Amino acid sequence: MKPKSIAIVGAAETTKLGVVPEMSELMLHADAALNAMADAGLGPSDIDGVATAGPWPTDVAHYLGITPSWVDGTMVGGCSFMLHVRHAAAAINEGLCNTVLVTHGESGRSRVGARGFGGGGATSLVGQFEQPYGIMGPTTMFTIPALRYCKEYDVGIEKLANVAVVQREWAHQNPRASLQDLTSLDEVMNARMIAWPFTKPMCCLVTDGGGALILTRADRARDFPQKPTYILGTGESVETPLVSQMEDFTTSRAFRVSGQKAFAESGVSHADVDHLMIYDAFAHLPIYGLEDLGFCERGEGADFIWERNTAPGGKLPVNTNGGGLSYMHSGMYGMYALQEGVRQIRGVAPAQISDVKISVVHGVGGMFGASGTIILGNEAP
Amino acid sequence: MAKGKKFSPVPTPETQHYWDGAKRGELLIQQCDDCSTHYFPPRPFCPNCGSRNVKVKKASGKATLYSYVISHMLRPGQEDPFAIAVVELEEGPRMMTNIVDCPQTPEALLLDMPLEVTFEEWDETITLPKFKPAGGATS
Ligand SMILES: [Zn+2]
């Protein structure tokens, strides 16, 4: 085993996902954390590191009765949990703590004990230079670059819509998915318009739920009840809080930087990857992710999905839980992408791919504003 | 019509000149004296090289349509779907805006179409730069 290897030894989501009005946001964190601790055979006194986004680590540690010697409250949107995994690995290796709990919980739909959505108010750059033009949250911000992509690469809108169709095929195999019924290109194209060219099924769900992970040194990982999931490589970056100021509307700099770091650290080649999760807040994101992570050439991501390479039976299964479009999306979906990566490595996913050795989990935060990439493996590096 | 309070931006010391300019009917951008980069949004240093030797200058007001969505999510004062666009200024920087004097349809809003700046009084303190098709409204 390589020195300084880290493993995920506990992983779980909240007992219920979707509509959970009986739990506050903080309790969703705790419910997922308790499930992850049970998964790892640990109690609160065994945890000495806490990382979370949304509430402060203080809130989560106190609520769960944990006395941490290390905390991380990095908050860069939905991929914050990928960054927590990366930071936790570094902290454990530095001897700052031994066993880290990463939690997520969000009452995105029911809004019970929910914190407000971010944004710096009327004096922030978004408040001054984007908000006055009528943006209404991610559906009217994250979507803006897509049309430029379509023109640059001569991609039809039906190929954006197709992403939602393919991901529903995965959700169809997942009893915990919010939307499980198969859909068609016609249905997606003719659904209620949200922000042309995006119809409702091309935009993420808004649901309640949570998830938690427990990480420790890989040389301890065999002592836990579950098959370890090893961290092979990690990456992170940020670009801009303003979607209008993204360097290039056809590619994400944060995706590229984060992905390259993770692949370089892991030594994994793209051909070795058995399973891929790309945070899909909107239908164009898997296309950008496939290209910016290097699985496809620029401009070829939409056709790669159209040709069913990422669909059930395809050579590179992507978003096998159904994704943010069909499985669940609480607001900060990154945790659920990580959970599906762990399930696929453990071999226990509802739509299990046979013999997954390497899974790449890629997250986005803000509107192409941040990114985190985690490469998972079933064997110690 | 959607209900609620109209949102109004609040300038900071670094952006006050921009909003003052808009009120006078001028679109102000900035340029670095060291590396010549034009940039937006306003800040008192160059995002390309970090130099504080920067100046404010009036943009030509010419732009092209870079990308957009047509929002069906309406804010107070809006009754019909409308485009939220990003335009590329002749000098290079891009900015978010709305396209006015033009049907808010995919057929009328063509990427890379030429645009020119126009100004809309938003409230007592804020005037918003917007853009319209160059050379007058399209039918
Ligand atoms: Zn400069």
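The values are calculated or read from the model by the stated rules, or taken from the named source; none is laboratory data. Here the structure is a predicted model, which is why all the values come from computation and not from measurement. Here the Cβ positions follow ideal geometry from the backbone for every residue, glycine too, while neighbour counts run over all protein chains shown. Heavy atoms of the whole protein, side chains included, go into the accessibility calculation; ligands, DNA and RNA do not. Shrake-Rupley method; radii C 1.70, N 1.55, O 1.52, S 1.80 Å.
Figure note: B:HIS72, A:HIS275 ranked by solvent-accessible area, largest first, 1.4 Å probe, ligands and nucleic acids not counted: B:HIS72, A:HIS275.
Computed from label points 7 Å out along Cα-Cβ, the spacing between B:GLU79 and A:ASN190 is 3.0 nm.
Only Lys, Arg, Asp and Glu carry charge here, each on its Cβ (+1 for the first two, -1 for the last two); on that basis segment B:16-133 has a dipole of about 460 debye about its Cα centre. Here the contact order of segment A:8-156, divided by its residue count and restricted to Cα pairs under 8 Å and six or more residues apart, works out to 25 percent.
A 1.4 Å probe run over segment B:16-133, with the rest of the protein chains in place, finds 44 Å² accessible per residue. Every Cα-Cα pair of segment B:16-133 was included, and the share exceeding 25 Å stands at 28 percent.
Ranking of A:VAL102, B:VAL56 by solvent-accessible surface, largest first: B:VAL56, A:VAL102 (1.4 Å probe, protein heavy atoms only, all chains present).
Loop only per DSSP, at most 14 neighbouring Cβ atoms within 10 Å: give me the GluC sites (Glu not before Pro) in segment A:302-381, ordered by residue number.
When the GluC sites (Glu not before Pro) of segment A:302-381 are filtered for loop state and at most 14 Cβ neighbours within 10 Å, A:GLU307, A:GLU379 remain.
Helical content of chain A, expressed as a calculated mean residue ellipticity at 222 nm, amounts to -9000 deg cm²/dmol (DSSP H runs of 4 or more residues, -39,500 (n - 2.57) each, divided by residue number, nearest 500).
Counting only residues at least eight positions apart within a chain, or on another chain, the lysines with an alpha carbon under 25 Å from that of B:LYS130 are A:LYS151, B:LYS3, B:LYS5, B:LYS6, B:LYS23, B:LYS55, B:LYS57, B:LYS58, B:LYS62.
Within the shell defined by Cβ-Cβ distances under 9 Å, the residues around A:VAL100 carry a net charge of -2, with Lys and Arg each +1 and Asp and Glu each -1. Mean sequence separation of contacting Cα pairs (under 8 Å, at least six apart), scaled by the length of chain A, corresponds to a relative contact order of 26 percent. For chain A, the per residue solvent-accessible surface stands at 34 Å², with DNA, RNA and ligands left out and a 1.4 Å probe.
Of the listed residues A:TRP306, A:TRP196, A:TRP170, A:TRP56, the order by accessible area with a 1.4 Å probe, largest first, is A:TRP56, A:TRP306, A:TRP196, A:TRP170. Accessible area per residue was computed with a 1.4 Å probe on protein heavy atoms; B:THR12 scores about 30 Å². Beta bridges from DSSP with both residues in the protein assembly as shown: antiparallel share about 85 percent, rounded to the nearest 5. Among the residues of A:241-248, the average count of other protein chain beta-carbon atoms within 10 Å of the residue beta-carbon is 4.
The rule of thumb for compact globular proteins, 2.2 N^0.38 Å, goes into the C-alpha radius of gyration of the protein assembly as shown 0.99 times.
Think of the protein assembly as shown as having a plus end and a minus end, set by charges on the Cβ of Lys, Arg, Asp and Glu; of B:HIS38, B:GLY61, A:TYR63, A:TYR63 sits farthest toward the positive end of this dipole. The B and A chains share an interface that buries close to 3200 Å² of accessible area, total over both sides, probe 1.4 Å. Within the shell defined by Cβ-Cβ distances under 14 Å, the residues around A:VAL50 carry a net charge of -4, with Lys and Arg each +1 and Asp and Glu each -1.
Under 1.5 on a/c is rounded, so check that first for segment A:154-295, then, if it is not, pick prolate when a/b is larger than b/c and oblate when it is not; a ≥ b ≥ c are the square roots of the alpha carbon gyration tensor eigenvalues.
On the way: a/c = 2.10, a/b = 1.38, b/c = 1.52.
It comes out oblate by the Cα gyration axes.
Taking the Cα atoms only, what angle lies between the long axis of helix A:25-40 and the longest principal axis of chain A, rounded to 10 degrees? Approximately 60 degrees, to the nearest 10. Just checking the listed ones, A:PRO350, A:PRO145, A:PRO175: in the Gaussian network model of chain A with Cα springs under 10 Å, the one fluctuating most is A:PRO175. Between A:TYR63 and A:SER354, the modelled label-to-label distance comes to 4.3 nm, taking each label 7 Å out from Cα in the direction of the beta carbon. Spin-label pair A:ALA122-A:GLU152: with each label point 7 Å from Cα along the Cα-Cβ axis, the two points sit 3.6 nm from one another. Electrostatic tally near A:ALA370: other residues with Cβ closer than 9 Å to its Cβ, Lys and Arg +1, Asp and Glu -1, net -2. Charges were assigned to the Cβ only: +1 to each Lys and Arg, -1 to each Asp and Glu. The resulting dipole of chain A about its Cα centre is roughly 260 debye. Based on C-alpha pairs under 8 angstrom that are at least 6 apart in sequence, chain B has a relative contact order of 23 percent.
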